[in-house]
Amino acid sequence: MSSSVRVLDFFVVEATEYIDQMDATLNAARPGSVAPNVEALMAAAHRLRGSATMARQTAISGVAAGVERVARALREKRLAWDASSSAALVAAVDDLRLLVRGARSWSSLEEQRARARGEELARYAPPGATPQTGARAVGSRSGFLAGETLELSRALDALGPGANPAVIGSATERVRALRGVADVRDMPPLPDVMEALEATLKSMELAGAAHPCGAKEAALFSAASAVLRRVSRDLGASGRPAPDMSEMVGFEAALAAVSDETGRADRIVPIAELFSGDGSSGVVSAATHPPTTPAERFRLEVVSLAEHLRGVVAEARAHRGGEQRDRSSRDVRNAVRALGATANSFGEKLVARFAAEWSTRASALEESALTALDAAAALFANPDTSAAEIARGLERLGSGATTARQTPLASAAQPAPARPMAPAPTPAPAPNAPVAPNAPVAPTAGVARGRVRTPTGPALRALLQDGLTGLSNLDTTPLSEPAVLPDADVVPIESLLYRGRSALSRAAELREQIKREGDPPSRESVQELFDLIDLALVE
């Protein structure tokens, strides 16, 4: 029973809340007549088991798992609600409260109490009755994940066509809670299944009645439920999911059908769309000098999207066959759609049109399409690329695959097209040649006109190196002639202090001031008076 102090303190507070919920549920029931709310009882016990597992309180987790099994047996009518089952649950909740209180000073007494209560609950609902425990110890991490995946699969089974928002919200909470468990990342295919479920449920949750659970979404949830049940069985048997489970084939097909209709990017709504069309400014007005323009904000957003697109394109090139091909195809298509959705939100119609044209062709994973996408993403990812250069590059790609094959913009190994050079400078005059007054200065070669862009990479390193070298030269070559300061008399600090007679004079002044005020002297005045007396004794 080891856990850090901070985690243990949080567990005690959280576990006490769950125990109070179970206690209130049982107090509202009557043995033999009024059955408890088994859903609420099972949910509270389930949360307590998960919290105890994360805090490494395995004995408490085992008792909570026993309460959860008994509640499930009551719900499934495998156990009758009578005086015996009621007494067992009440005693278990009372013992759980004592165990949580003793978690900070765990001893063999708490261990015996937990073991005895777990054995009693097992007589009403044996651990073998639920698949999440199997042959593994109750409260182990794999056992916890097995139980969570099984519960999530049951929640997904309720998501049929026309499911109400409450059922969708409950399933969404379970998915998000399970994604927060660190061990999920090390249990493929759980990460991919959780990501797809959260994205689909999120879009349904945000759309509300405008996007109900349709046939394709229901098929995806059914396929995901089959995968999760298989994962639960594998975790209970061997502690890890099988690497090549057949259930993933149906899940990939259902996910592809849903992905064909929905994008994965949230739409950014321009604030101008929130105003009426009568020309009024409403309660807000545009800034006179905004720090950034919409085009600049779009460039900031599109850099990360372009880097992601280049990453999925590289992954697609590395895995072109088998099951990885379908996943790579879907990832590339979703990355292009996310780019298009963001561009459409910012009003960048050219980029949005490019994404719409290439989103379907990119799923074929042809080399020409991947090359064109990688080249376009390289343009977007480079902050030095101007809007005119992006427009010319997208025009060179064209709207058809043939154009892309004939005139690829660039490849991963090729640099981006060279930027237009500035006009050639006027030849510099001879060193001793006279310069006409007010003569216009010729532009310097290589200096870009307009807005100065922040240097990056080698240019930034060179700039920093030149700057540091220039600072070191200031010792020998100053920017201006050193200024001559007039001589000033150096005053010893001792002459600024009260000493001897001067200290007595200042003490007398302070005494007269205290008499004039009439009120009791302040602490600062008394302290100053004492200091003056000490200074007067120096001489």
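FYI, it's all coordinate maths here, none of it is from the lab. Computed from a predicted model, the values in this text were never measured in an experiment. Every residue, glycine among them, receives a Cβ derived from its backbone with ideal geometry; neighbour counts consider all protein chains shown.
Structural remarks
- Spin-label model, D9 to S170: label points 7 Å out along the Cα-to-beta-carbon direction sit 3.6 nm apart.
- Rg and Dmax of the range 495-536, Cα atoms only, in Å: 10.5, 33
- Residue-count net charge about L121 - beta-carbon cut-off 15 Å; Lys, Arg +1, Asp, Glu -1: +3
- Ranked by the mean number of other Cβ atoms within 10 Å of their residues, highest first, the peptides 231-240, 101-110, 372-381, 50-59 fall in the order 372-381, 50-59, 231-240, 101-110.
- Computed over the range 143-259, Kirkwood Rh from alpha-carbon pairs, angstrom: 14.0
- Subtracting the Cα-Cα distance of R325 and L497 from their residue separation scaled by 0.36 nm leaves 53.3 nm.
- Extent along the principal axes, Cα only, for the range 5-130: 43, 24, 22 Å, with the longest axis given first.
- Sorting 384-390, 151-157 by average packing, meaning the other beta carbons within 10 Å per residue, from highest down gives 151-157, 384-390.
- Relative to the current alpha-carbon distance between A116 and A388, full extension at 0.36 nm per residue lengthens the span by 90.3 nm.
- Chain lengthening between A237 and D23 when straightened (0.36 nm per residue, less Cα-Cα): 73.6 nm
- Cut-off 10 Å between beta-carbons: net charge of the residues surrounding A45, Lys and Arg +1, Asp and Glu -1: +3
- Mean Cβ count within 10 Å, highest first, over the residues of peptides 310-317, 327-334: 327-334, 310-317
- Summarising the label geometry, the points placed 7 Å from Cα in the beta-carbon direction at R30 and L300 lie 6.5 nm from one another.
- Hypothetical label at R75: residues of the range 12-46 whose amide nitrogen lies under 11 Å (7 Å Cα-Cβ projection): 38-46
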